[in-house]
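**Student:** Before I ask anything, let me first share the structure, which is written out below as structure tokens.
The values are calculated or read from the model by the stated rules, or taken from the named source; none is laboratory data. In this text the structure is predicted, and so the values were computed from the model without any measurement. All Cβ positions, even for glycine, are placed from backbone atoms using ideal geometry, and neighbour counts span all protein chains on display.
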Amino acid sequence: MTMSTIFTWYGHATIGLDCGGIALVVDPFFSRNPAATVKPQEVHADYLLITHGHGDHVGDALEIARRTGATVIANAEISGWFSGKGVKTHAQHIGGGFRYPFGYLKLTQALHGSALPDGSNGGNPAGFLLTTNAGEKIYLAGDTGLFGDMRLIGEEGLDLAAVPIGDNYTMGPDDALRAVKLLQPKVVIPIHYNTFPLIQQDVQAWKKRVEAETETRVEALNPGGTFALGA
Ligand code: NI
Ligand code: MN
């Protein structure tokens, strides 16, 4: 039997996915993340998935990749930036999928920016759609505004979606509710909020609205909190 996937929220947009013993860390922002409960030196990773080039998403990826030997998965521009620094990478681009040992991973569009911390071109921002070896479908929206083609992603039949609700830089609570209506995941986990005063949100109020207006269950995790799929 295949083990179920464990989702960990480290605060902000930093997500851990334990896929049957293979450790994925998405947007590994630890040392400068006021919400993080873990230091970058404590992070174990086999793969680092980077949605876009902004500092709160590239985060500690370079340090963690150098220490752990993890492979960075990102768009071609971000992958090229990391391979130029001697890190193992796998470049993909939006709409393209690849079968890794942990499952089939596709890059999806996101409405946002993507310049890297040193000003290098970070290509287009992305989200991730992961189909695990157990067949679970997990959509990580990345930093994005609402877009109507979330409906197409929802057609995949999502077990879990992680969407930003912080407003200002990404969707806020109203558009994130509309996103849930398009995506129709079984479970949604809100992210990219309460890290800084500018993205403070009442997550319990959002949970009530989503659960009143949709069939989706909201798992509002605390930083460091986990959710087991299929449990
Ligand atoms: Ni961003
Ligand atoms: Mn961000």
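**Student:** For segment 80-90, check the following and say yes or no: at least one residue is out of contact with any strand residue (DSSP E or B) (no Cβ under 6 Å at 6 or more places or on another chain), more than 16 Å from ligand 1 (Cβ to nearest atom) and within 28 Å of Gly21 (Cβ to Cβ).
**Tutor:** yes
**Student:** Could you please find all residues in segment 58-72 being surrounded by fewer than 22 Cβ atoms within 10 Å (Cβ to Cβ) and farther than 18 Å from Phe128 by Cα?
**Tutor:** Within segment 58-72, Leu62, Glu63, Arg66, Arg67, Thr68, Gly69 qualify.
**Student:** Within 16 Å of ligand 2 (Cβ to nearest atom) and modelled with pLDDT of 95 or more: is that true of Ile15 in this structure?
**Tutor:** Criteria met by Ile15.
**Student:** Let me ask something additional. Quick test of your reading of the structure: Thr144 fulfils all but one of (1) within 16 Å of ligand 1 (Cβ to nearest atom); (2) touching a residue at least 40 places away in the same chain (Cβ under 8 Å); (3) of a type in the set (Ser, Thr, Tyr). Name the failing condition by number.
**Tutor:** All conditions are met except number (2).
**Student:** While we're on this one: Among the numbered criteria (1) under 23 Å from Glu136 (Cα atoms); (2) more than 10 Å from the chain's Cα centre (by Cα), which single criterion is violated by Pro28?
**Tutor:** If we test Pro28 against (1) under 23 Å from Glu136 (Cα atoms); (2) more than 10 Å from the chain's Cα centre (by Cα), just (2) comes out false.
**Student:** Okay, next question. Do any helices (runs of 4 or more DSSP H) lying entirely in segment 53-102 carry at least 2 residues that are modelled with pLDDT of 95 or more, away from ligand 2 (no atom under 16 Å from the Cβ) and over 25 Å from His192 (Cβ atoms), and which ones are they?
**Tutor:** 61-68, 76-83
**Student:** In addition: Can you pull out the residues in segment 25-57 that are in contact (Cβ under 8 Å) with a residue 12 or more places away in the chain, closer than 18 Å to Asn222 by Cα, surrounded by fewer than 22 Cβ atoms within 10 Å (Cβ to Cβ) and of a type in the set (D, E, K, R)?
**Tutor:** Correct list: Arg32 only.
**Student:** Still on this structure: Is it true that some residue in segment 47-56 is of a type in the set (S, T, N, Q), within 15 Å of the chain's Cα centre (by Cα) and closer than 21 Å to Thr226 by Cβ?
**Tutor:** yes
**Student:** Here is a list: Gly21, Gly103, Gly97. Which entry is small (Gly, Ala, Ser), away from ligand 1 (no atom under 16 Å from the Cβ), touching a Cys at 6+ places or on another chain (Cβ under 9 Å) and over 22 Å from Leu116 (Cβ atoms)?
**Tutor:** Testing whether each residue is small (Gly, Ala, Ser), away from ligand 1 (no atom under 16 Å from the Cβ), touching a Cys at 6+ places or on another chain (Cβ under 9 Å) and over 22 Å from Leu116 (Cβ atoms) leaves just Gly103.
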